[in-house]
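Every number in this text was worked out from the coordinates using simple rules, so none of it is lab data. The shown structure was predicted, so the numbers you read here are calculated from the model rather than taken from an experiment. Quick reminder, even Gly has a Cβ in these numbers, built from the backbone with ideal geometry, and neighbours come from all protein chains shown.
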Amino acid sequence: MGGPHGGRTANGVGPGVVWTGREGNVGALHHRKWLAAYAAHPRIGEKKAAPTATQQSATWSAGEQSGTAGAQDAVMAELANLNEAYFKKHGFIFICFASGRTAEEMLDLLKVRFENTTEAEIENAAAEQLKITRLRMEKWLRA
C-alpha cells in the first residue's frame, strides 16, 4: 500500500529514521532528504502541482493552500516574486504549513524567513515539512 507520498520515502520518514515524538527529530535526517521532500511540494500560491507530486498529494496541497483562493492580485504577485527570490537565495522552495493560513499570513511569514540563513531555513522548512507529513498521514489513515 502506498503512503501519503505515493509509497515513496522522499520525506525521509522511513526505515532507519529516529522518530522522537510528535515533532520528530529534525536533525536526524540528512539535508538531501529534506531537499527531496521539499521538491514534492508546489510553491505557495501556485495552482500547478510539483513535478514529483502524486495525484493525491497534489489534491491535498491544493486543499492545504486554499487560503490563497480569493487573495488580492497584488498579494499573489508579491508572494510569487518573493517565492522566486527565496528559491534563488536558498536553493529550494519556501515550505510552510499552509493549512488554515491566509495568503497574507503566508506572505508575512515568507518575508520574515527570507532573511534567515540557508542552514536555518533548511531546519525551519524541515519542521514545517513534519507538520505537513503528520497532517497527510492522518488524512491517509482516515481514507
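Using the Karplus curve 6.51 cos²θ - 1.76 cosθ + 1.60 with θ = phi - 60°, work out ³J(HN,Hα) for each residue of the stretch 112-126 in order, rounded to whole Hz, and write x for Gly and Pro.
5, 6, 4, 6, 5, 6, 4, 4, 5, 6, 4, 5, 4, 5, 5
Between residue 104 and residue 62, what is the spin-label point distance in nm, taking each point 7 Å from the Cα along the Cα→C-beta axis?
2.7 nm
Between residue 85 and residue 111, with labels modelled 7 Å along Cα→Cβ, what's the label distance in nm to one decimal, could you check?
Placing both labels 7 Å beyond Cα along the Cβ direction yields 1.0 nm.
Can you compute 3J(HN,Hα) from phi for each residue in the stretch 92-100, using the Karplus curve 6.51 cos²θ - 1.76 cosθ + 1.60 with θ = phi - 60°, rounded to whole Hz and x for Gly and Pro?
Values per residue, Gly and Pro as x: 8, 6, 6, 10, 8, 6, 7, 4, x Hz.
Work out the FRET efficiency for residue 143 and residue 123 from their Cβ-Cβ distance, taking R0 = 30 Å, and round it to the nearest 0.05. Provide the component values of the computation, followed by the final result.
On the way: r = 31 Å, r/R0 = 1.02.
E(calc), rounded to 0.05, equals 0.45.
For residue 139, give me every one of the aspartates and glutamates with a C-alpha distance below 12 angstrom, ignoring sequence neighbours fewer than eight places off in its own chain.
Here the aspartates and glutamates satisfying the reach criterion relative to residue 139 are 64.
Within straight cross-link reach of residue 89, meaning Cα distance under 13 Å, which aspartates and glutamates are found once same-chain residues fewer than 8 apart are removed?
Qualifying aspartates and glutamates at Cα under 13 Å: 115, 119, 121.
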